[in-house]
Amino acid sequence: MTSTPNLENSLSRAAVVDLVIAGVNEALAMAENPPDPASLTEATRLIGESAVLDSLGLVTAVLEIEQRLADQHDVVLVLADERAMSQKHSPFRSVGALADYVLKLAAEQGAHA
Amino acid sequence: MPEGSAGETPVALVTGTRKGIGRYLAEHFLARGLRVEGCSREPAGWEAPGYTHHCLSVADEAGVKAMLTDIQKRLGRLDILVNNAGIASMNHVLLTPDATAVKILDTNFRGTFLLCREAAKLMRRRKYGRIVNVSTIAVPLQLEGESLYAASKSAVETFSRVLAREVADFGITVNVVGPTPIETDLIRNVPKDKIAGIIQRLAVKRLGRFEDVANVVDFFIRPESEYITGQVLYLGGVA
């Protein structure tokens, strides 16, 4: 039910970075003064002092990313798992870190499928 | 539109539909023309057009997640969630095993949490949702012998009130109905004199009926009830 066949083929890192950016942009679209969607990069901070998202924005972004993974790649993940919430370096700290975390969870799930 | 999509037909998910209140509500929703998804640990043992059954424990995160993904894929929407699945254990605290505490909290509280979390993710997509969680009058009446059951439902009530605030921006309401004892398996092993004693403490002195629960659920899930959230409504006149 949560299997991810041909993971290597369906989920490239570049695709996941794009997907994360799309999710963050969707969340930013609801903000009062959203930054230019084209300005987001792997280094964009998602939490902390220079973060582009507020707390509700982060919730929306995470859900949008989960939704896109399910809809576009048939990958069903819970991104806010225990490890993610307890890591010293939060996987939500930047676009690139979150993309790496998605790939890690998807690979683990693929290995268990 | 996804294959087999529910289109304009609202979709309701009810947990614990094998029997009792859950089955009654599932059939009630079907009669009202809704698509109904249900679940229980074992097969439903009944069928109806428009009804799909899932076998899982509500406390199994992967199973819950898979069920909600399946609903999204097949039907493309979720409008209503009723967290009815629950277990009880009548016992004196001093004679209650730790394993019972874990089991009751797992099903009654964690199950409700997991279903609410995953359902709200789906409901958020269409900016609309109605969640009804089931508590019990054992909470306000502080019934002896039901400490763990009542405590697990207290947790459901507080969780629901906070959740109501957190998902209000997504167009989702969260309310709680607290039934009185009804003739179901849940109270089958409760001594008759104890039930009579509970009924004496109600304003309306009779056992509850499935219809009484459905009436409150119908009120909470109306689209017009968008301004009603975070509420706990007890039956039988218990405050």
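The values are calculated or read from the model by the stated rules, or taken from the named source; none is laboratory data. On a predicted model such as this, the values are computed, not experimentally measured, just so you know. Glycine gets a Cβ as well: all are built from the backbone with ideal geometry, and neighbour counts include every protein chain shown.
Among the conditions (1) part of a loop (DSSP other than H, G, I, E, B); (2) at pLDDT 95 or above, the only one that B:Val139 does not satisfy is (1). Exactly one residue out of B:Ala31, B:Ala6 is in contact with a strand residue (DSSP E or B) (Cβ under 6 Å, 6 or more places away or on another chain), of a type in the set (Gly, Ala, Ser) and away from every other protein chain (no Cβ under 14 Å): that is B:Ala6. The set of residues from region B:176-210 being in a strand (DSSP E or B) and out of contact with any Ser or Thr (no Cβ under 8 Å at 6 or more places or on another chain) comprises just one member, B:Ile182. Within region B:200-219, residues that are exposed (fewer than 15 other Cβ atoms within 10 Å of the Cβ) sit with their Cβ atoms under 7 Å from residues that are of a type outside the set (Lys, Arg), at 6+ positions apart or across chains, in these pairs: B:Ala203/B:Gly236; B:Ala203/B:Gly237; B:Val204/B:Gly236; B:Val204/B:Gly237; B:Lys205/B:Ile199; B:Arg206/B:Ile199. Sort through B:Gly145, B:Gly129, B:Gly197 and tell me the only one that's more than 13 Å from the chain's Cα centre (by Cα), modelled with pLDDT under 95 and crowded, with 16+ Cβ neighbours inside 10 Å. Exactly one residue qualifies, and that residue is B:Gly145. Residue count for region A:55-68 under the criterion of being within 12 Å of chain B (Cβ to nearest Cβ) and farther than 17 Å from A:Asp18 by Cβ: the result is 6.
Conditions tested, residue by residue: (1) of a type in the set (Phe, Trp, Tyr); (2) in contact (Cβ under 8 Å) with a residue 40 or more places away in the chain; (3) closer than 20 Å to B:Ile21 by Cβ.
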| site | (1), (2), (3) |
| --- | --- |
| B:Cys116 | no, yes, yes |
| B:Met123 | no, yes, no |
| B:Arg126 | no, yes, no |
| B:Asn133 | no, yes, yes |
| B:Ser160 | no, yes, yes |
| B:Leu163 | no, yes, no |
| B:Ala168 | no, yes, no |
| B:Glu183 | no, no, yes |
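Out of the residues in region B:38-64 that are in contact (Cβ under 8 Å) with a residue 40 or more places away in the chain and within 19 Å of B:Val11 (Cα to Cα), which is farthest from the chain's Cα centre (by Cα)? If we take residues in region B:38-64 being in contact (Cβ under 8 Å) with a residue 40 or more places away in the chain and within 19 Å of B:Val11 (Cα to Cα), then B:Val64 is farthest from the chain's Cα centre (by Cα). Taking the criterion of being surrounded by fewer than 16 Cβ atoms within 10 Å (Cβ to Cβ) and either part of a helix (DSSP H, G or I) or in contact with a Lys or Arg (Cβ under 7 Å, 6 or more places away or on another chain) (or both), the residues of region A:81-92 that qualify are A:Glu82, A:Arg83, A:Met85, A:Ser86.
Only helices (runs of 4 or more DSSP H) whose full extent lies in region B:57-129 are considered here, and the ones with at least 1 residues that are hydroxyl-bearing (Ser, Thr, Tyr) and away from chain A (no Cβ under 14 Å) are B:98-104, B:111-125.
Of all the criteria given as (1) within 16 Å of A:Tyr101 (Cβ to Cβ); (2) assigned to a helix (DSSP H, G or I); (3) at pLDDT 90 or above; (4) more than 12 Å from chain B (Cβ to nearest Cβ), the one not satisfied by A:Ala43 is (2). Looking at B:Leu81, B:Leu68, which one is at pLDDT 95 or above, farther than 22 Å from B:Leu202 by Cβ, surrounded by 22 or more Cβ atoms within 10 Å (Cβ to Cβ) and in contact with a strand residue (DSSP E or B) (Cβ under 6 Å, 6 or more places away or on another chain)? When all the criteria are applied, what remains is B:Leu81.
For region B:47-56, filtered to residues that are touching a helix residue (DSSP H, G or I) at 6+ places or on another chain (Cβ under 7 Å) and more than 14 Å from chain A (Cβ to nearest Cβ), the residue that is surrounded by the most Cβ atoms within 10 Å (Cβ to Cβ) is B:Tyr51.
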